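Shown next, in structure tokens, is the structure this report addresses.
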Amino acid sequence: MAVGDGTCELLVPYLAEHDRPGGIVSGQVYMHAADVAFWFAVKTRLGTDAEYVTSSMTTAFLGSARAHEFSCYARLIKTGRRLIYGDAECRAGEKTLTHHTLTYVSAG
């Protein structure tokens, strides 16, 4: 994992139990990785005590991985008083697998 100011990149290991029929990594794995990476990106900007939760996530599936690890990079684009907006992208090497837009809302 690598983090910066408002960013996070995760390496997601391949686990066969997350395969869909045909050996394709399940879309839920990409979405989970994007949400976790974005959560860490929020923490780098607002600290560990900030209570924000996912309000919305839109996912575009652009490719698929078969029996392969992938990385997920998230970044904050706009941080407001109650809402945080950003995106995440999952990649296997140079191949883009998914693109996500996320909005978090203050839980406090």
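The values are calculated or read from the model by the stated rules, or taken from the named source; none is laboratory data. Every value quoted in this text rests on a predicted model; they were computed, and no experiment measured them. Counting neighbours? That spans all protein chains shown, and the Cβs are built from the backbone with ideal geometry, glycine included. We work out accessible area using only protein heavy atoms, side chains counted, and drop any ligands, DNA or RNA first. Shrake-Rupley method; radii C 1.70, N 1.55, O 1.52, S 1.80 Å.
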| In Å², what does the accessible area per residue of the chain work out to with a 1.4 Å probe? | 57 Å²
| task | Report, in degrees rounded to the nearest 10, the 0 to 90 angle that the Cα long axis of helix 27-46 makes with the longest principal axis of the chain. | result | 30 degrees
| task | Considering the options Leu11, Thr54, Leu83, tell which one lies farthest towards the positive end of the dipole of the chain, charges being +1 on Lys and Arg and -1 on Asp and Glu at the Cβ, about the Cα centre. | result | Leu83
| query | Per 10 Å bin from zero, what fraction in whole % of the C-alpha pairs of region 23-84 is there, up to the bin with the longest pair? | reply | 18, 49, 24, 9, 0
